[in-house]
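Notes to accompany the following structure.
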Amino acid sequence: MLVSHGAISSAGVPLTARVYLTLASWKRALSPGLDDDAIQEILVSYKNATLSAKDWGKAWHSWALFNTEVMSRYTLRGRPDIAGKYVVAAVTGYFYSIACASTTKGVDDSLQDILRLLTLWFNHGATSEVQMALEKGFTLVKIEMWLVVLPQIIARIHSNNRIVRELIQELLVRIGKGHPQALMYPLLVACKSISILRQRAAQEVVDKIRKHSGGLVDQAQLVSKELIRVAILWHEMWHEALEEASRMYFGEHNIDGMLAVLEPLHAMLERGAETIKENTFIQAYGHELLEAHECCLKYRATGEDAELTKAWDLYYHVFRRIDKQLPSLTTLDLHSVSPELLKCRKLELAVPG
């Protein structure tokens with residue numbers, strides 16, 4: 001942590017640091033074209049400002065911004081080899097700027113720097129030099145500073161680049177040690193992603209958090225599962241799926257797409273009911289849906305269109321009955337829709353809402 005003397009306020013900044021920072025600003029204003037010589041002169045002034053006041057966030061912020069600008073210019077000129085070295089300097093500068101802000105005004109004042117740092121990380125974190133700068137920088141910044149950008153970090157948890165992905169997971173595990181509550185729901189959502197890579201990456205983090213917060217993870221998984229069960233009943237799931245399957249079959253003549261939409265719901269019925277409400281659904285619609293599924297399986301085996309015609313006669317009958325029933329499902333008895341949620345008491349987990 002950057003806590004040796006604490007970040008300094010503007011009033012406590014040495015005069016030499018102020019002079020160097022002002023000099024850098026003047027040189028930048030007088031060099032709109034930014035040729036190589038001007039870049040080096042300006043960098044020297046910014047660097048001297050940081051050396052003269054190592055705990056002055058404004059100097060580090062300015063240094064980082066200018067290095068980012070130079071990196072972008074060399075990239076646009078088709079010189080990624082030169083641009084790369086400025087990424088490391090920018091990353092280091094943002095970390096020090098964020099660390100200084102964390103000891104003075106707080107997270108809000110450094111949010112833009114954190115977002116800029118994330119952009120550099122996700123775009124350039126695959127190189128060993130940037131990776132080393134990131135690993136060192138993480139030791140400078142309070143772990144709480146990352147809470148405000150958790151959505152952005154978790155959004156990249158399945159990065160195609162292994163180095164970036166592993167570093168993201170390492171940071172999330174560190175956050176999870178101090179603030180497991182903040183991670184639970186977004187990670188569990190990622191665990192249900194359609195992307196297999198995203199599922200695996202999120203599950204790896206959850207498994208590591210489980211080692212020190214097992215009870216919390218179990219509670220979060222239970223509550224997450226049951227809230228989904230309450231939020232969308234089997235009636236609603238089938239109503240929506242039959243609408244989508246109908247559009248694919250009758251509108252797009254996409255038989256494979258239709259079957260793909262309905263297959264997970266048939267598999268759900270085969271697993272059986274876990275609540276009174278689900279059992280009621282099976283009693284009301286299970287027989288017809290089973291017959292329809294058998295017709296679909298026969299179609300797969302024989303290719304006979306008549307089997308799909310029979311299936312859709314059954315599906316349509318079920319759809320009409322569900323459509324009439326849905327308006328009456330405005331009040332739900334928790335005992336009927338989620339007895340597990342009803343039994344929850346004195347949770348360690350903070351329930352959303």
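FYI, it's all coordinate maths here, none of it is from the lab. Note that the structure is a prediction, hence the values are computed from the model and not measured. Using ideal geometry, Cβ is built from the backbone for each residue, glycine included, and neighbour counts are taken over all protein chains shown.
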Using a cut-off of 12 Å between beta-carbons, work out the net charge of the residues near L197 (Lys and Arg +1, Asp and Glu -1, L197 not included). +4
Picking from L43, H212, A260, whose Cα lies most toward the positive end of the charge dipole for the chain (charges on Cβ: Lys, Arg +1; Asp, Glu -1)? L43
Based on the Cα coordinates of the chain, what is the per residue volume of their convex hull in Å³? 207
Result row for the chain, helices from DSSP H with C-alpha axial extent 20 Å or more and mean Kyte hydropathy at least 0.5, is 80-102, 255-271
Kindly put L332, L265 in sequence by how many other C-beta atoms sit within 10 Å of each C-beta, fewest to most. L332, L265
Comparing W146, W121, W312 in a Gaussian network model of the chain (Cα, 10 Å), the one with the largest mean-square fluctuation is W312
At most 13 other Cβ atoms within 10 Å and a DSSP loop assignment: could you name the trypsin sites (Lys or Arg not before Pro) in segment 46-90 that fit? R77
Between segment 235-257 and segment 297-340, the Cα center-to-center distance that results, in Å: 11
Neighbour-count ranking for E294, E278 (other C-beta within 10 angstrom, fewest to most) reads E294, E278
Looking at the square roots a ≥ b ≥ c of the eigenvalues of the Cα gyration tensor of segment 10-141, which shape do they give, rounded for a/c under 1.5, prolate if a/b is larger than b/c, or oblate? oblate
Can you pull out the trypsin sites (Lys or Arg not before Pro) in segment 255-353 whose DSSP state is coil and whose Cβ has at most 10 other Cβ atoms within 10 Å? R345, K346
List, in the order given, every pair from K85/K192; K192/K343; K136/K192; K177/K277; K277/K298 whose Cα-Cα distance in the structure shown is over 27 Å. K85/K192; K136/K192; K177/K277; K277/K298
Shape category assigned to segment 269-322 from the gyration tensor of Cα positions, a/c cut at 1.5: oblate
